[in-house]
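Working notes for the structure below.
The values are calculated or read from the model by the stated rules, or taken from the named source; none is laboratory data. Treat the numbers as computed from the prediction; the structure is a model and nothing was measured. Methodologically, a virtual Cβ is constructed for each residue, glycine included, from the backbone with ideal geometry; neighbour enumeration extends over all protein chains shown.
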Amino acid sequence: MNTSLRVRLSVMMFLEYAIWASWYITMGRYLGGVLNFTQEQIGFAYNTTALAAIISPFFVGMVADRFFSTEKVLCVTHILGGILALAVAKAQTFGMFYGLLLAHTLCYMPTLALTNSISFHQMKDPGKEFPSIRVLGTISWIVTVWLIGRLASTERFAGFDVKTAMPFQIAGVVSILMGLYCLTLPKTPPKAKGQQVTVSDVLGLDALKLLKEPSFAIFIVSAFLICIPLSFYFSFAPTFFGEVGMQDVTGKTSFGQMSEIFFMLVMPWFFARLGVKWMLLVGMLSWCGRYLLFLMGYQTGLMWPLIVGIVMHGICYDFFFVTAYIYVDKKAHAAIRAKAQGFIALVTLGAGMFAGTSLSGWVAGKYSFPKVTPEKFQAVEDVSAWNTGNFVKWDDAGQARFGKIQEIAEANADNTANVRV
């Protein structure tokens, strides 16, 4: 691959992931703190990406494979998605917010697979060449999240990342720019042009034929299951980190993407020595270790287990998901490659993340601490767990604080309590 082509594909990856990074990390805290959505509603908001991954990739993959050049499909979807992201920033009610965000993600999610397809189309050895291109997406995520975190810590833009809808406005502008840039990408003509369109094509059943191989079927089941804990992390980890006392949560979450860069660059070395199956296994086991560290940090109050858990994102994500993209590209023949990439997106970003985000919202709503007002003696929002000795939380000037119930006022035991900080 020549230098010019490498630069063009790298810029494509950078812009692609800047769109998602602009709003995804901070959305949960914005929805809970500004729009006052419930934990269940926050979980539903995050499952828009999963629904979009279920609904759209096969159709767009079929369009890219059969009727239009991939770069033109990317152009249209990104410009439309950018306009919708700008509209999301104006939404105030859950129904309006959810509908607009779903429309935006319906445009955005298919482009993850299509940018991979354009890259693979230009490569002779994706196992060696793709990681060095895909790493620009990770760098983009780090730069975007870090810049937003830095701006949010300044006096002029203090807290804009979780107190305003500006992240969605940033995503909208970047998405429109990405759409225009896509017109400069290498021409990637449809491989199945002129062939008859069938129901099988519309449903993406060509890609489903890969499930006849036992090894591929096991891989698909594993990919689905690992996305359930992944969705817990993306939906509620930033909120969790903030509530246990971590400072600059937005910036610190970028440590995970920093480690992702390192593991992305050394992936060819691991590929040569471990192979696909062992890399996938190491990636799955790393998720288990990561959540044990988060549990340790919560129970002990120490920050280092949380930081180490964040940094483990590199091996957790790269060894499983990036390996998965390459594995699918090798398994699928050229005529169905775009649909195969759409299929893995359906299983992981779609079905797996939908199950995970739906479950995470329910779990967060069921096990969150009851809330109490800063005055500590006024009415509370949730009295389901008001018992002496239980912990409660409240919002004090934008900062979550914790205390233990010392006694419940006799005059109004249902909704007042004396809290020891």
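Among residues that are farther than 18 Å from P110 by Cα, modelled with pLDDT under 95, in the same structural domain as P110 (by TED's automatic domain parsing) and not in a helix (DSSP H, G or I), V221 is not included.
For region 321-331, the count of residues that are in the same structural domain as M123 (by TED's automatic domain parsing), farther than 19 Å from P229 by Cβ and of a type in the set (K, R) is at least one. K72 fulfils the conditions (1) closer than 30 Å to P131 by Cα; (2) at pLDDT 95 or above except for a single criterion, (2). Across region 300-347, the number of residues qualifying as touching a Pro at 6+ places or on another chain (Cβ under 9 Å) and more than 22 Å from L210 (Cα to Cα) comes to 1. Pairing each residue of region 42-65 that is in the same structural domain as I25 (by TED's automatic domain parsing) with any residue that is among the basic types (K, R) and modelled with pLDDT of 65 or more, provided the two are 6+ apart or on different chains, yields C-beta distances under 6 Å for G61/K339; D65/K191.
Output the residues belonging to region 1-34 that are touching a residue at least 12 places away in the same chain (Cβ under 8 Å) and β-branched (V, I, T). The answer is V11, I19, I25, T26, V34.
Each row is one residue, and each column tells you yes or no for (1) of a type in the set (A, V, I, L, M, F, W, C); (2) at pLDDT below 80.
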{"site": "L147", "(1), (2)": "yes, no"}
{"site": "F157", "(1), (2)": "yes, no"}
{"site": "F168", "(1), (2)": "yes, no"}
{"site": "V173", "(1), (2)": "yes, no"}
{"site": "G179", "(1), (2)": "no, no"}
{"site": "K187", "(1), (2)": "no, no"}
{"site": "P190", "(1), (2)": "no, yes"}
{"site": "T198", "(1), (2)": "no, yes"}
{"site": "V202", "(1), (2)": "yes, yes"}
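Every listed requirement among (1) closer than 20 Å to T48 by Cβ; (2) crowded, with 17+ Cβ neighbours inside 10 Å is met by I118 save one, (1).
In this structure, is Y367 within 13 Å of N116 (Cβ to Cβ), of a type outside the set (K, R) and surrounded by fewer than 23 Cβ atoms within 10 Å (Cβ to Cβ)?
On the way: within 13 Å of N116 (Cβ to Cβ): no; of a type outside the set (K, R): yes; surrounded by fewer than 23 Cβ atoms within 10 Å (Cβ to Cβ): yes.
No: the conditions fail for Y367.
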